[in-house]
Amino acid sequence: MKILVIGSGGREHALVWKLRQSPLVKEVYCAPGNAGIGQLALCVPLKPTDIKGLLKFAKEETIDLTVVGSERPLVEGIVDAFEERGYKIFGPSKAAARLEGSKVFSKNFMERHRIPTARYRSFEASAIDQAKKYINTIEPPLVVKADGLAAGKGVLICKSRQDAAAALDEIILQKAFGSAGNQIVIEEFLDGEEASLFVLTDGERYALLASAQDHKRILDGDLGKNTGGMGAYAPAPIVTHELLQTVVEKIVRPTLDGMRQDGMPYRGCLYIGLMMTQDGPKVLEYNCRFGDPETQVVVPLIDGDLAEIFLAIAEHRLDASTVRVHSAAAVCVVMASHGYPDEYQTGKQIFGLENIKAEDGVVVFHAGTKTEGNAAVTSGGRVLGVTAIGFTNELEQTIRNAYRAVEKITFDGAYYRSDIGKKALKHLRPQ
Ligand code: AMP
Ligand code: GLY
């Protein structure tokens, strides 16, 4: 099988790495890829949103299966474009990808199907006065969200009503997120701990992957600015067996059934962002793709042939029993460029990658890197995802293993959090 993976981050590196292990796979291509991916796949200089170019490439290279990493091409309809021309592709249709592409759509969907989520109302940009009145009816803190895709930045948590009014001005009048702010959602703030759950589904049958937790803030102790994610671990002990049953019954099944009933069966990977509240698990958001960095810990724990699983989903014939999950732990520590998530420099040579050995249970997934001459150099804010895969579910040891590997890698200005996984240990060993 010839597979084309679309994207260039740690998520795509982890997918390429796992797909490469399949005996069914002869060749992997990645558009556009990065320095690390380039060691496992042939990198093709095409942008993920260049749907026409990607289709042409799939035709010329007789690609058997395309796997889409990031949300934008999905929301823009890459799956429909490929399927109309008879090409197999893993991911949701344009209609189904609205679960991520439009927050108004996803909130209305949850309300219609009684899926637990934060109370909300949505408004057109032209109804800013009504939106401001609505703010006065709910207790702060409250959350203001731009409807469309905003590279993870369209959610503003507001401590006061004044802040919320300013957030509305920012989104609607100043158009901080462009047309993504043509509609907005205002919702209640949910308190609790977050977890991510990935569901692989062909629209009817589904399999759950290991639960995971991301670390969104730049500084230790979950302080400082929001980032794309500074590290992750799986499984997340906060998602107990019992809670998972509740999530399946109240969230996973009603979501998949609801999408089918509404005439847009969801196929691909559904990412459910959960808040574990005192009233039980609630949906914070849906994403129409794998999450990053969570994929870097969840995918290595899959005990199964990912190429066969993706192909089965693309052909609507998933056998959920082929998706097993190792009872082990995985921890990913993101090494970032100094200054990230604000300004940072690139082009710094990365040293020490040759010291990391798979037999020690560590894999380094590349995010923002490129090849210059024979060297890998930094090319983004998040540079590497140093991932330790435990042979047992001993999380503490796996965390130590990840950090031991991080210490062997250097580049000018390398920054990482030193507390990835600490939150989980607290749950495993309650004080
Ligand atoms: P979203 O893109 O909707 O997931 O929001 C991004 C992040 O904002 C989530 O991962 C949460 O950390 C936070 N968030 C979103 N909605 C809420 C909410 N209703 N209450 C608390 N935090 C939220
Ligand atoms: N880890 C968050 C995301 O992928 O959206």
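The values are calculated or read from the model by the stated rules, or taken from the named source; none is laboratory data. What you see is a predicted model, and the numbers here were worked out from it, not measured in a lab. No Cβ is skipped: glycine too gets one built from the backbone with ideal geometry, and neighbour counts run over all protein chains shown. To get the accessible areas, we keep the full protein, side chains included, count just its heavy atoms, and leave off ligands, DNA and RNA. Shrake-Rupley method; radii C 1.70, N 1.55, O 1.52, S 1.80 Å.
Per-residue answers, yes or no, for (1) at pLDDT below 95; (2) away from ligand 1 (no atom under 13 Å from the Cβ); (3) open to solvent by less than 10 Å² (accessible area, probe 1.4 Å); (4) among the hydrophobic types (A, V, I, L, M, F, W, C):
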position	(1), (2), (3), (4)
Gly263	no, yes, no, no
Ile272	no, no, yes, yes
Lys282	no, no, no, no
Asn287	no, no, yes, no
Just to verify a result, which residue in the stretch 148-175, among those that are touching a residue at least 12 places away in the same chain (Cβ under 8 Å) and part of a loop (DSSP other than H, G, I, E, B), is farthest from ligand 1 (Cβ to nearest atom)? Ser160
Considering only the stretch 224-255, how many residues are free of Cβ contacts under 8 Å to residues at least 60 places away in the same chain and among the hydroxyl-bearing types (Ser, Thr, Tyr)? 2
Counting residues that are closer than 24 Å to Gln39 by Cβ and of a type in the set (A, V, I, L, M), which strands (runs of 3 or more DSSP E) fully inside the stretch 301-379 reach at least 2? 330-337, 362-366, 375-378
Those residues that are in contact (Cβ under 8 Å) with a residue 40 or more places away in the chain and either more than 17 Å from the chain's Cα centre (by Cα) or open to solvent by less than 10 Å² (accessible area, probe 1.4 Å) (or both), I need them from the stretch 92-104; list them, please. Pro92, Ser93, Ala95, Ala96, Ala97, Leu99, Val104
In this structure, is Leu384 in a strand (DSSP E or B) and either at pLDDT 95 or above or open to solvent by less than 70 Å² (accessible area, probe 1.4 Å) (or both)? yes
Scanning the stretch 178-199 for residues that are at negative phi and away from ligand 2 (no atom under 16 Å from the Cβ) gives Ser179, Gly181, Asn182, Gln183, Ile184, Val185, Ile186, Glu187, Glu188, Phe189, Leu190, Asp191
Of (1) open to solvent by 10 Å² or more (accessible area, probe 1.4 Å); (2) within 15 Å of Asp257 (Cα to Cα), Asp80 satisfies every one except (2)
In the stretch 150-163, which residue that is surrounded by fewer than 19 Cβ atoms within 10 Å (Cβ to Cβ) and within 20 Å of Glu76 (Cα to Cα) is nearest to ligand 2 (Cβ to nearest atom)? Gly152
Positions within the stretch 203-221 being within 28 Å of His326 (Cβ to Cβ) and surrounded by fewer than 18 Cβ atoms within 10 Å (Cβ to Cβ), in sequence order: Glu204, Arg205, Lys216
How many residues does the stretch 56-71 contain that are part of a helix (DSSP H, G or I) and surrounded by fewer than 19 Cβ atoms within 10 Å (Cβ to Cβ)? 4
Return yes when Lys175 is open to solvent by 10 Å² or more (accessible area, probe 1.4 Å) and more than 15 Å from ligand 2 (Cβ to nearest atom) and no when it is not. yes
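To keep it simple, each residue is scored yes or no on (1) touching a residue at least 24 places away in the same chain (Cβ under 8 Å); (2) over 24 Å from the mean Cα position of the chain (by Cα); (3) closer than 18 Å to Thr295 by Cβ; (4) buried (at least 23 other Cβ atoms within 10 Å of the Cβ).
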residue: Phe351; (1), (2), (3), (4): yes, yes, no, no
residue: Glu354; (1), (2), (3), (4): no, yes, no, no
residue: Ala367; (1), (2), (3), (4): yes, no, yes, yes
residue: Arg400; (1), (2), (3), (4): no, yes, no, no
residue: Glu407; (1), (2), (3), (4): no, yes, no, no
Out of Pro341, Pro430, which single residue is closer than 30 Å to Gly268 by Cα, at pLDDT below 95 and open to solvent by 30 Å² or more (accessible area, probe 1.4 Å)? Pro341
Those residues that are surrounded by fewer than 18 Cβ atoms within 10 Å (Cβ to Cβ), in contact (Cβ under 8 Å) with a residue 24 or more places away in the chain and part of a helix (DSSP H, G or I), I need them from the stretch 106-131; list them, please. Arg112, Ile128
